[in-house]
Amino acid sequence: MSTISEEGVAPRVTRTLYTPDQRRRRDATRWTLVQGILAPAQFVVFLISLTLVVRFLFTGAGYELATISIVVKTGFLLAIMVTGAIWEKVVFGQYLFAESFFWEDVFSFAVIALHLAYLYALFASALDAFSLMWLALAAYAAYVINAGQFILKLRRARLDAEVGQ
């Protein structure tokens, strides 16, 4: 039950991203470093791949290289998802959907679904080259949104630490 101030407004209760024990586990696990390495590496692979995909869509050249780059990007995505689930288990005691990262995890599955839809369409020859590249761009757009979610959480964790919570 919250108390009401003299102005008649209940104070806003803010919850930190990590409890002190979770923060300690986060800082102690090697999986934090793994995530810290994989995330920017995946972003670099994404930028290279995005360039190759857009080049193909504008010029029709470089289909094979663009395709390889999308497969590599998908590999990075799956690696960061698996190691991220392990990280969540160590920090929060569950593999996915910890309260602090619930919506990021939900959206991550949409990102993975789009990337895997691309792989399926590629290996099943279900789409032509241009449609495959547009599907890859849809997957990449979802990835950018998801990366933004995680960057906002990283910023929040830093702000929590500065406030000393």
- Task: Scan the chain and report its longest stretch carrying no trypsin sites (Lys or Arg not before Pro) that are both in a DSSP loop and have at most 12 other Cβ atoms within 10 Å.
- Result: 16-165
- Note on the structure: Answer check: the chain, Cα atoms, Kirkwood Rh, Rg/Rh ratio of 1.11
- Query: What is the chain's relative contact order, in percent, from Cα pairs under 8 angstrom and six or more apart in sequence?
  - Reply: 24
- Query: Once the whole set of protein chains is in place, how much accessible area is left on residue 97, using a 1.4 Å probe, in Å² to the nearest 10?
  - Reply: 80
- Note on the structure: Excluding ligands, DNA and RNA, the carbon-plus-sulfur percentage of the accessible area of the chain with a 1.4 Å probe reads 69
- Relative to the Cα centre, what is the charge dipole magnitude of the chain, using +1 at the beta carbon of each Lys and Arg, -1 at the beta carbon of each Asp and Glu, and rounding to the nearest 20 debye? 380
- How much net charge surrounds residue 66 when only the other residues with a Cβ under 13 Å from the Cβ of residue 66 are counted, with Lys and Arg +1 and Asp and Glu -1? +1
- Based on DSSP H assignment, which helices of the chain show an axial Cα extent of at least 15 Å together with a mean Kyte-Doolittle hydropathy greater than or equal to -1.0? 30-59, 63-92, 102-123, 129-163
- Quarter of the Cα convex hull surface for the range 80-163, i.e. its orientation-mean projected area (nm²): 6.1
- Query: Ignoring ligands, DNA and RNA, what accessible area per residue does the chain give at 1.4 Å, in Å²?
  - Reply: 60
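The values are calculated or read from the model by the stated rules, or taken from the named source; none is laboratory data. Because the structure is predicted, anything quoted here is derived from the model rather than measured. Here the Cβ is made from the backbone with ideal geometry for all residues, glycine too, and neighbour counts use every protein chain on show. Calculation scope for accessible area: heavy atoms of the full protein, side chains included, ligands and nucleic acids excluded. Shrake-Rupley method; radii C 1.70, N 1.55, O 1.52, S 1.80 Å.
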